[in-house]
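Participant: Structure in structure tokens, see below.
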Amino acid sequence: MDLVQLAERIADIEARAGADLKAVAAIDALRGLESNVLGKQGSLGLLIASVKQFPPDQRGQVGKLLNEGKTRIKGLLDARMAELQTAAHTDNADDAAAFDPTLPGVAAAMGSVHPVTAVQWEVERLFERLGFTVEAGPEMETEYHNFEALNIPATHPARDMQDTFWLTNGMVLRTHTSPVQHRAMKKFGAPLRVIAPGRCFRYETIDASHENTFHQIEGLVIDRDIGLPHLIAMAKTLLAEVMKREVELRVRPGYFPFVEPGIEIDMNCRICGGAGCPTCKQSGWVEILPAGMVHPNVLRAGGIDPEQWSGFAFGLGLTRLAMMKYGIRDIRVLNSGDLRPIVAPARLGGPIVWPE
Ligand code: FA5
């Protein structure tokens, strides 16, 4: 190659780079083109490396031609880079101008309150208005609190009424919230108005209305001259408030060692309207609020004189009440991790039966 041919090759590379530049629309592509031309392995880069092939007396001339070519091509590339950078900046500016801060934002995916929690809060507010204290008790209980303090000694057949999870440390997972009765009597003495919501555990066969983990709300009132009519009136008010309408109740005798007399308060099944369905075991009624007058032995164990004080207690089936309120026909869905919110449809009224 002589000097003339070299000049032609440089002009060729410059012309091709100029043509390629027109097709380049992105900064990254431009950088790629620069490397293909000016990089060590690029078309001009390789030509620069071949400078040693020329006789020493021509090398000055060769170097000059190559450097001038390189400067011109670099100039073309830089000019295009400036154009592309300006365009990118203007696009961003257009985006900023198009942004309307008054438009509603993109809604974030929100969680919702669990139906049992929602009803628990509602019941708590209701009882707080009536002057009750809200207490909590431990889920891992002593045998004494879960049974003995409630007039259920070790040999009592009533221990079999509730299938118990016994722990290796000799304690139990509480089978009901009733142990909080004893704790509250010891803590506050008489007179007393307390409710105690919480989780309970039973070694049960699970079906549409039985879970091994479910919620109750214990209620306890101790005062002078308290009787069953107070209890039944309170149950009516409570259930009507939560269901937002008059509720048909059925009261029948019930046996619990810690009350005397004991009653069972059932409510009309909202899933089937009383016609009978798997949720109410075809009876049309749901066991919701067993209760009774506190047994003298339980008052005594709590340090309260049964000659002076009387009281009633109840164990509201909170999970079942949530099912009735929201039309949930299978209890298993409540512990299933199903995240669909059901509060909104229920608020709109109408019998929703869920899950489909
Ligand atoms: C009791 O647990 C008594 N401690 C209630 C009580 C308290 C009576 C104070 C008298 C005085 P029972 O086992 O029936 O009672 O349970 C009470 C309520 O909890 C039931 O009516 C029902 O609504 C709910 N319940 C019981 N077992 C389950 C279960 N496996 N799954 C879901 N809810 C249940």
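Participant: Out of Ile263, Ile304, I need the residue that is in the same structural domain as Val180 (by TED's automatic domain parsing), modelled with pLDDT of 95 or more, out of contact with any strand residue (DSSP E or B) (no Cβ under 6 Å at 6 or more places or on another chain) and open to solvent by less than 40 Å² (accessible area, probe 1.4 Å). Which one?
Facilitator: Numbers: Ile263 fails: out of contact with any strand residue (DSSP E or B) (no Cβ under 6 Å at 6 or more places or on another chain).
So the residue among Ile263, Ile304 that is in the same structural domain as Val180 (by TED's automatic domain parsing), modelled with pLDDT of 95 or more, out of contact with any strand residue (DSSP E or B) (no Cβ under 6 Å at 6 or more places or on another chain) and open to solvent by less than 40 Å² (accessible area, probe 1.4 Å) is Ile304.
Participant: Could you tell me whether Gln58 is in contact (Cβ under 8 Å) with a residue 40 or more places away in the chain and out of contact with any Ser or Thr (no Cβ under 6 Å at 6 or more places or on another chain)?
Facilitator: Numbers: in contact (Cβ under 8 Å) with a residue 40 or more places away in the chain: yes; out of contact with any Ser or Thr (no Cβ under 6 Å at 6 or more places or on another chain): yes.
Judged against the criteria, Gln58 is a match.
Participant: Here's something else I'd like to know. Pairs needed: first member in segment 115-142, modelled with pLDDT of 95 or more; second member anywhere, part of a strand (DSSP E or B) and of a type in the set (Ser, Thr, Tyr); C-beta distance under 7 Å; at least 6 residues apart or different chains.
Facilitator: Here the result reads none, with nothing in segment 115-142 linked to a residue that is part of a strand (DSSP E or B) and of a type in the set (Ser, Thr, Tyr).
Participant: Given the conditions (1) part of a loop (DSSP other than H, G, I, E, B); (2) at pLDDT 95 or above; (3) open to solvent by 30 Å² or more (accessible area, probe 1.4 Å), report the number of the one that Thr175 does not fulfil.
Facilitator: The number of the failed condition is (3).
Participant: Under the condition of being assigned to a loop (DSSP other than H, G, I, E, B) and among the basic types (Lys, Arg), which residue from segment 212-247 is surrounded by the most Cβ atoms within 10 Å (Cβ to Cβ)?
Facilitator: Step one: list which residues in segment 212-247 are assigned to a loop (DSSP other than H, G, I, E, B), which gives 212, 224-227, 244-247.
Now narrow it down to the ones that are among the basic types (Lys, Arg): 224, 244-245.
On the way: Arg224: 10, Lys244: 12, Arg245: 9.
Only one residue fits best here, namely Lys244.
Participant: Same structure, new question: Is it the case, given these coordinates, that Ala96 is over 16 Å from the mean Cα position of the chain (by Cα) and assigned to a helix (DSSP H, G or I)? So that I can check it myself, show each step before the final result.
Facilitator: Numbers: over 16 Å from the mean Cα position of the chain (by Cα): yes; assigned to a helix (DSSP H, G or I): yes.
Yes: the conditions hold for Ala96.
Participant: May I ask you to list the residues in segment 266-293 that are assigned to a strand (DSSP E or B) and either within 12 Å of the ligand (Cβ to nearest atom) or open to solvent by 60 Å² or more (accessible area, probe 1.4 Å) (or both)?
Facilitator: Taking segment 266-293 as the starting set, the residues that turn out to be assigned to a strand (DSSP E or B) are 266-268, 285-293.
Answer for segment 266-293, where residues must be assigned to a strand (DSSP E or B) and either within 12 Å of the ligand (Cβ to nearest atom) or open to solvent by 60 Å² or more (accessible area, probe 1.4 Å) (or both): Asp266, Met267, Trp285, Val286, Glu287, Ile288, Leu289, Pro290, Ala291, Gly292, Met293.
Participant: If you go through segment 187-211 one residue at a time, how many are open to solvent by less than 50 Å² (accessible area, probe 1.4 Å), in contact with a strand residue (DSSP E or B) (Cβ under 9 Å, 6 or more places away or on another chain) and near the ligand (Cβ under 8 Å from one of its atoms)?
Facilitator: The total comes to 3.
Participant: For segment 200-249, give me each residue that is of a type in the set (D, E, K, R), without any contact (Cβ under 8 Å) to a residue 40 or more places away in the chain and under 28 Å from Met185 (Cβ atoms). Walk me through it before giving the result.
Facilitator: First pass over segment 200-249, keeping only residues of a type in the set (D, E, K, R): 202, 204, 207, 211, 218, 223-225, 236, 241, 244-246, 248.
Remaining after also requiring without any contact (Cβ under 8 Å) to a residue 40 or more places away in the chain: 236, 244-246, 248.
Passing the criteria: only Lys236.
The values are calculated or read from the model by the stated rules, or taken from the named source; none is laboratory data. If you're wondering where the values come from, they're calculated on a predicted model, not measured in any experiment. Reconstructed Cβ throughout: ideal geometry from the backbone, glycine too, with neighbour counts over all protein chains shown. The accessibility values were calculated without ligands, DNA or RNA, using every heavy atom of the protein model including side chains. Shrake-Rupley method; radii C 1.70, N 1.55, O 1.52, S 1.80 Å.
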